[in-house]
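Report on the structure given below.
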Amino acid sequence: MNDYGIHIWSNDDFIIEKGLVKINHASKPSLLEIAQKIRATGIRGPILLRFPHLINKQIDTLFGQFNRAIKSFDYKGRFHAVFPLKVNQFPNFVSSLTTIGKKYNYGLEAGSKAELIIAMAYNNQNAPITVNGFKDKGMITLGFIAAKMGYDTTLTIEGLGELHNIIEAAKEYKDPIPNIGLRIRLHSSGIGIWAKSGGINSKFGLTSTELLEAVELLKKHDLIDKFTMIHFHIGSQISQINPVKKALREAGNIYAELKKMGAKNLNNINLGGGLAVEYSQHEHIHNRNYTITEFTNDVVFLLKEIATQKGVQEPNIFTESGRFIAASHAVLITPVLELFSQEYTEKGLRLKKNNPPLIQELYDLYKTINPSNAIEYFHDSLDHMESLLTLFDLGYIDLQDRSNTEILVHLIIKKAIELTKDKDRFELKKIQDRVQERYLLNFSLFQSLPDFWGLGQRFPVMPLDRLDQRPTRSASLWDITCDSDGEIDFNVDYPLFLHDVDLSKEEYFLGFFLVGAYQEILGMKHNLFTHPTEVTVHFDENGYKLENMVESQSILDILYDMDYDINEIQANLKQLIAQSRCKEKEKLLEILRMLLHDNNYLKISPKKENNG
Ligand SMILES: *Cc1c(COP(=O)(O)O)cnc(C)c1O
C-alpha cells in the first residue's frame, strides 16, 4: 500500500488510519473531516489549515534539544532563540507563535522596517529582538525605539556604513540603546539551492579586516560595551552537518579573538537559521543527513571546545531557525476538479461492426489480459497504438477508430497496472508518464507553492482519503492558472500515484504538507489568485475548534489592492448594462454584485449534489 512516504516526512505529525490521513494529536481528527466542515460553510477553492500545536511541538523540540545538550556537556552559556519573521509574517501564525513562545522567552527577528514594526508590536515583553538586513537611518531609529520600549534589542550590522549610522544615533538617543551585533562573513557556506547566504562572496557580513575596523570604531566611540553578539547564517535548508561544523569552528574562533581584543560584553553567538526540514516522500531521497539531536550536540560541543582551547567564556547560543519552526504547521488542501482522461472508459468505446484488424486485436488483448501476460500485452498495445496513429495520419482510419484506439490502450494499461500489483512495477513505471492522468486542482501553484515554481522544491502531497486502496494512476497535477508552468509533472524520479475517481459521484482532495515556511509570503498573485482561505485548527480538552477563518480575498478587494478605483469599476459595469439592450437589467446587476464579492477561485463542486 502506498503511504506517500508519511513515515519519512511527517515526523509523526500525521498518521494514516482507516484509509484517512489524520492529525496525530488529541482526538486525531482526519483532514477530510475538517475540510468538509469548512466546505459546509460554503467555502470552495483551496484551504490553508494552520496547526498551532505543531508550532508548539517544534519550539519545544528546539529548546528541549539545546537545553539537553547544554546540560549533558555541562555548558556554561545559555540557549536563546528568535523567529525570523521573513519565513511567515501572517498574523494568525505570528499570534500563535508569540503566545506559545512566551514560556521560553522566544523572540523575533526582523529583516526590514515593516517586520521590525510587527516585532515591536507583538514580541513578548522581555524576549529578544534581533534586527538583520540592510538598514537605513529610519530602520536604525526604529531599533533605538524598540530598545526604549524595553525590548532586549540587538542591531546586527551588515556593513561598516550601518555602524556609522548607529554611532550617530547613539549620540542622539541616550540610554537605553540597543545592543550591537556584527555579522561575520565566513569562508564556509552551506550546500544546496539556498546556500548563497554564506561564503566569502556572500551578500552579507563583514570581512576580517572590516571586523577589526568595526571594533576600533566601537572602542573609539565608547560603544564597545554594547557589542554583544556575532552573527552568521550560512543558508537555509542545510542538508548536511559538515558545513555547519566548519562554520562553527570559524565563528567560534572569531568570537574568541574578538573577546581577547577587548569586546568584554561579547557573550552571544547567533547561528542564524538553516536547520533543515525533511520534505522527501521517497525512500531514495533525503533532504537532511542529521537529526536535531546531532545538530545541537555538535553546536554545543564545538563551542565548548573552542572556548576551552582559547580560554574564553562559553558564549550564549542564539538561533534564528525559521523553516524548522514553521514548515510543518500549515497544510494546503486542494479540491480535485477534474480528471482529464476520465473519458477513457469502456462506455466511451464505439466499436464498429467491422474494425481495422489492429483495433480488433487491441480489443482481444483487453479482453484476455491476465496477471501472467499483462506486461507482454501492455507492450503489444503500445506497439499497436503507434501503428494505428500512423495509419490515422496517412488517412487509412477515421477519427472514431482513433478514439477507440486511445480508449482501448488506456483500458489495457489500467488493467495491466491493476493485475501486476507490485510485481512488475518497474517496467510499468518507465512508461507511466505516457499514460498519466491529469488532475486539475482548484489552487494556484504560483500562489501556494512558489518554491516549486521557482526552485523545483518538492512538497509532500497525498490524497486525504482512500489510503486503504491502491492508487493506480500516475498523476500530473495542474493548477487553474492559465500558465503551463502551473503544473507538477509526473516525474519518474518522484512518482506520484493517485486514485481513479469518478468526480460525478465522489469528492477527492489532495493535501500538500510542510507549506508553512516561506510559501505564503513568496506566493504570487498570478492571474490574480490570492492567498487561499485560511483556518486555524485549535485543539482543546473537548476536541478541536476551527478559528480565525480568513476567506480568500474577494474580487473587489483584489482589484482594490492593485490600486484600481473599484467605484469606477462598478460604475462602468453598471453603465454598460444600463446602456445595453438586454432585458432583466436588475437581475444581471444583482448577479454581478454577488460575483464581485466572491473570491477568485473556482466555485465548483464536481460532485452532483441532490439539490443541484
Ligand atoms: C532567512 C534567515 C533565517 C531563517 O533561515 P531558516 O533556514 O528558515 O531557518 C535566519 N537568519 C537569517 C539572517 C536569515 O536571513
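Extending 7 Å from the Cα toward the beta-carbon at both residue 504 and residue 548 defines two label points whose distance is 4.3 nm. In a reduced charge model with +1 at each Lys and Arg Cβ and -1 at each Asp and Glu Cβ, segment 1-125 shows a dipole moment near 260 debye about its Cα centre.
In this structure the chain gives 45 Å² per residue of accessible area when probed at 1.4 Å with all protein chains present. Placing a label point 7 Å from the Cα of residue 264 along the Cα-to-Cβ direction, the residues of segment 305-322 whose backbone N falls under 19 Å of that point are 311-316.
Set against the 2.2 N^0.38 Å expectation for a compact globular protein, segment 351-432 has a Cα radius of gyration ratio of 1.10.
If the segment from residue 309 to residue 241 were pulled out straight at 0.36 nm per residue, it would be longer than the present Cα-Cα gap by 22.2 nm. Summarising the label geometry, the points placed 7 Å from Cα in the beta-carbon direction at residue 114 and residue 469 lie 4.5 nm from one another.
Peptides 462-469, 529-536 ranked from most to least packed by the mean count of surrounding Cβ atoms within 10 Å: 529-536, 462-469. Straight-distance candidates among the lysines for linking to residue 57, with alpha-carbon spacing under 19 Å and chain neighbours fewer than 8 residues away dropped: 22, 28, 102, 103, 545. Taken about its Cα centre, the chain carries a charge dipole of roughly 1460 debye when the Cβ of each Lys and Arg holds +1 and the Cβ of each Asp and Glu holds -1.
For a straight C-alpha distance cut-off of 19 angstrom, the lysines reachable from residue 587 (same-chain residues fewer than eight places away being disregarded) are 574. Can you classify segment 555-596 as rounded, prolate or oblate using the Cα gyration tensor, where a ≥ b ≥ c are the square roots of its eigenvalues, rounded means a/c under 1.5, and otherwise it's prolate if a/b beats b/c and oblate if not? Note, shape of segment 555-596 comes out oblate.
Beta-bridge orientation, the chain: approximately 45 percent antiparallel, per DSSP, counting only bridges with both partners inside. In segment 307-398, one over the average inverse separation of all distinct C-alpha pairs is 19.7 Å, which is the Kirkwood hydrodynamic radius.
Stretching the chain fully between residue 164 and residue 588 yields a gain of 146.3 nm (0.36 nm per residue, less the alpha carbon separation).
A convex hull fitted around the alpha carbon atoms of the chain yields 211 Å³ per residue. Packing around the peptides 272-283, 558-569, taken as the average count of other Cβ atoms within 10 Å per residue, puts them in this order, highest first: 272-283, 558-569. Relative to the current alpha-carbon distance between residue 125 and residue 208, full extension at 0.36 nm per residue lengthens the span by 26.4 nm.
Cross-link partners of residue 415 among aspartates and glutamates, defined as those whose alpha carbon lies under 15 angstrom from its own and excluding same-chain residues fewer than eight positions apart: 346, 364, 376, 380, 406, 424, 427, 437, 500. Pairs spanning more than 27 Å between alpha-carbon atoms, out of 71/264; 135/226; 174/310; 352/414: 174/310.
Positive end of the dipole of the chain (Cβ unit charges, origin at the Cα centre): among 9, 559, 27, the Cα lying farthest that way belongs to 27. With helices as the sole contributors, the chain gives -12500 deg cm²/dmol at 222 nm; each DSSP H run of n ≥ 4 counts as -39500 (n - 2.57), and the sum is divided by every residue.
Only the Cβ atoms of Lys and Arg (+1) and of Asp and Glu (-1) were treated as charged; on that basis the dipole of segment 351-432 about its Cα centre amounts to roughly 340 debye.
The values are calculated or read from the model by the stated rules, or taken from the named source; none is laboratory data. Just so you know, these numbers come straight off a predicted model, no measurement behind them. All Cβ positions, glycine included, derive from the backbone under ideal geometry; neighbour counts span all protein chains shown. The area values use the complete protein model at the heavy-atom level, side chains included, leaving out ligands, DNA and RNA. Shrake-Rupley method; radii C 1.70, N 1.55, O 1.52, S 1.80 Å.
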